[in-house]
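Here the structure is laid out as structure tokens; the discussion comes afterwards.
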Amino acid sequence: KLPIIIDCDPGVDDAIALLLALASPELEVRAITTVAGNVPGERTLDNGRRVVALSGRTEVPVHAGCVGPLLGPVMRGKYSGAGGLGGTLLPEATVPLAAGHAVDVLTAELSAAAAAGKPITLCTLGPLTNVAVALARDPSLVRGIAQVVCMAGAFVAGGNRTPTAEFNVLADPHAAEIVFRSGAPIVLAPLDVTFQALATPARVAALRGMGGRITQLAAELITFYDRNDPARYGEPGGPLHDPCVIAYLLKPDLFGFREANVSVELTQGLCYGQTVGDFFNTTDRPRNAKVLSKLDAQGFFDLLWERLASY
Ligand code: BDR
Ligand code: CA
């Protein structure tokens, strides 16, 4: 099994990503850590605990993490509703809050992984604050990281919170830059690829037609989250950004990618928080990231719906 830690800010698409991961026997989810993002930290934490309770995987610990960015203004998501999980609230039953701050848990897990020679894959579905703080405190933790697979950034697609910036990067651009420069292998699922994971009405109807304990609730969540902005996405429906990270771990062949140096614009101005990819080696900056660019959307939804229906 692939050992992973999921750092997230649930959020509807984070919730779907967690449900995908927790239903996947290929993955060993060692911990879930939460961070402020879509909604304030106490809400992302509560939402994370609700999702784990819903999944029945109550042995998976959920740890509270950073409640604000390293620098810069606090940003919140636009599309997840005030509570972060739309109008469709998950059952209140939660798993207990696990002891230990997210940064300490990342530190302990990554040091142990480095010592054992069994590096862990980090999946980041929100602002990168927790991972950046852990790496700033102890850069040698990078030896315990197999790769960091991040829903982060935007290239040709343009941004979703400014003309050039994607939310998870814009919400803590300095943290993103720390992680991208850390030396850990980085895989980015930017908007360019996540916009292709479009939960169209036909796809959501297919989910509703499937059996299982949580398919109807998942369909409700996804429908609430529906952006319905065909001018942007080509068709009606909302993009399921964060599940792309988990799908990449399960079936990397669903994705095409390009390698590049990726860094973050930290100068205050029009392009603050933009991810800048040097795809054609116009600088001497070393390649540090695989940037996912293409998605087999049918294969993605077949996988996601099958796993959601398996509950
Ligand atoms: C990202 O921002 C959040 O609102 C979503 O959960 C996703 O992680 C998309 O820009
Ligand atoms: Ca998220």
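About the Cα centre of the stretch 1-58, how large is the charge dipole given +1 on each Lys and Arg Cβ and -1 on each Asp and Glu Cβ? Please answer in debye to the nearest 20.
I would put it at about 220 debye.
Rounded, prolate or oblate: pick one for the chain, where a ≥ b ≥ c are the square roots of the eigenvalues of its C-alpha gyration tensor, a/c under 1.5 means rounded, and failing that, prolate if a/b is larger than b/c, else oblate.
Taking the square roots of the gyration eigenvalues as a ≥ b ≥ c, the chain is rounded.
Based on the mean of other beta carbon atoms within 10 Å per residue, what is the order of 188-197, 156-165, most packed first?
Most protected by this proxy first, the peptides run 188-197, 156-165.
Can you compute 3J(HN,Hα) from phi for each residue in the stretch 50-65, using the Karplus curve 6.51 cos²θ - 1.76 cosθ + 1.60 with θ = phi - 60°, rounded to whole Hz and x for Gly and Pro?
5, 5, 5, 4, 4, 5, x, 8, 6, 7, 7, x, 10, 10, 7, x
Say the dipole of the stretch 178-237 comes from +1 at the beta carbon of Lys and Arg and -1 at that of Asp and Glu; which of 200, 214, 184 then lies farthest toward its positive end?
About the Cα centre, the residue reaching furthest to the positive side is 184.
Evaluate the charge dipole of the chain about its Cα centre and quote only its size in Debye, nearest 20, assuming +1 on the Cβ of each Lys and Arg and -1 on the Cβ of each Asp and Glu.
160
Which residues does the label zone of residue 210 cover in the stretch 272-311, counting backbone N under 14 Å from a point 7 Å along Cα→Cβ?
Within reach of a label on residue 210, which here means backbone N under 14 Å from a point 7 Å along Cα→Cβ, the stretch 272-311 contributes 298-311.
Once phi is turned into θ = phi - 60°, what whole-Hz ³J(HN,Hα) does the Karplus curve with 6.51, -1.76 and 1.60 give for every residue of the stretch 296-311, x standing for Gly and Pro?
7, 5, 4, x, 4, 6, 4, 5, 5, 5, 4, 6, 5, 6, 7, 6
Magnitude of the Cβ-charge dipole of the stretch 197-285, K/R +1 and D/E -1, about the Cα centre, nearest 20 debye?
With Lys and Arg at +1 and Asp and Glu at -1, about 360 debye.
Can you sort 272, 311 by solvent-accessible area, 1.4 Å probe, largest first?
311, 272
Which shape class applies to the stretch 161-293: rounded if a/c is under 1.5, otherwise prolate when a/b exceeds b/c and oblate if not, where a ≥ b ≥ c are the square roots of the Cα gyration tensor eigenvalues?
In terms of gyration-tensor shape, prolate.
Hey, can you grab everything whose amide H is under 5 Å from the amide H of residue 188? Only 5+ residues off in sequence or another chain; H modelled, so Pro and N-termini drop out.
Hits under the 5 Å cutoff: 150, 290, 291, 292.
Can you tell me the accessible area per residue over the stretch 28-67, all protein chains present, probe 1.4 angstrom, in square angstrom?
30
With a ≥ b ≥ c the root eigenvalues of the C-alpha gyration tensor of the stretch 207-281, is it rounded (a/c under 1.5), prolate (a/b larger than b/c) or oblate?
Prolate is the answer for the stretch 207-281, as a/c is 1.5 or above and a/b outweighs b/c.
Explain nothing, just compute: Karplus ³J(HN,Hα) = 6.51 cos²θ - 1.76 cosθ + 1.60, θ = phi - 60°, for every residue of the stretch 268-273 in order, whole Hz, x for Gly and Pro.
Each residue of the stretch 268-273 in turn: 5, x, 4, 9, 3, x Hz.
Quickly estimate the mean residue ellipticity at 222 nm for the chain, helices only: each DSSP H run with n ≥ 4 gives -39500 (n - 2.57), and the total goes over all residues, rounded to 500.
-10000 deg cm²/dmol
Accessible area per residue of the stretch 126-246 at 1.4 Å probe, in Å²?
32
Which percent of the accessible area of the chain is formed by carbon and sulfur heavy atoms (probe 1.4 angstrom)?
The computed percentage sits at 56.
The values are calculated or read from the model by the stated rules, or taken from the named source; none is laboratory data. The structure displayed is predicted, hence computed values, not measured ones. No Cβ is skipped: glycine too gets one built from the backbone with ideal geometry, and neighbour counts run over all protein chains shown. Calculation scope for accessible area: heavy atoms of the full protein, side chains included, ligands and nucleic acids excluded. Shrake-Rupley method; radii C 1.70, N 1.55, O 1.52, S 1.80 Å.
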